[in-house]
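Please treat every number below as a calculation from the coordinates, not as lab data. In this text the structure is predicted, and so the values were computed from the model without any measurement. Neighbour counts are summed over all protein chains in view; Cβ atoms, including those assigned to glycine, are modelled from backbone coordinates with ideal geometry.
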Amino acid sequence: MYNTAVYCIVSDNAANLRKMLLAKDLASSQVASRVNTILKAFNKPDSEFKLRQHGGFRINLACETRWCSYRDAFKNLLSNLPAMKKMVATEDGRLIPEDVTKLMYDQNFIRSVEDSVQLFNPICELINVCQESAASCADAVEQWLQPHLPQGFDDAENNLTQKETKP
């Protein structure tokens, strides 16, 4: 794409690298905010205990400093959703605010979460390959210049292209 070979890379500390995290840049802030709203409602001791009684799993919130944590939080919501719905259908549902319950049943929102996970998966695979002990900086740059996004995510691909060309 750039008709050049990479011989040397200078990297910075994790706080600065975090600003370049593609998974975060590709996440819809509205979808991410709603996912966190739901997960936080179930992340309280009583709520999480009840969720587990209904077959759910430990809540996993997105973390700004962890690679792939948006994808992991979105997957956590999708995995817990059946148990969350069971819980709110019982007396235990009183622990969960009504606006959170409505979000859980919003099919368009849930589809957005599923689509986001599909988009995040190849980026997180790329990040994991780059974190392997045998990966070199040059290999990492090659990987980042050629992300393999799923078909149908043209907006995300355009976002990546814009990020690449910005200084």
* To do: Give the order of 111, 34 when sorted by the count of other beta carbons within 10 angstrom, beginning with the fewest.
  => 111, 34
* Contact order relative to length of the stretch 28-153, as percent, for alpha carbon pairs under 8 angstrom and 6 or more apart -> 24
* Which whole-Hz couplings ³J(HN,Hα) result when phi for each residue of the stretch 118-127 is put into the Karplus expression 6.51 cos²θ - 1.76 cosθ + 1.60, θ = phi - 60°, listed in order with x for Gly and Pro? -> 4, 6, 6, 3, x, 5, 5, 4, 4, 4
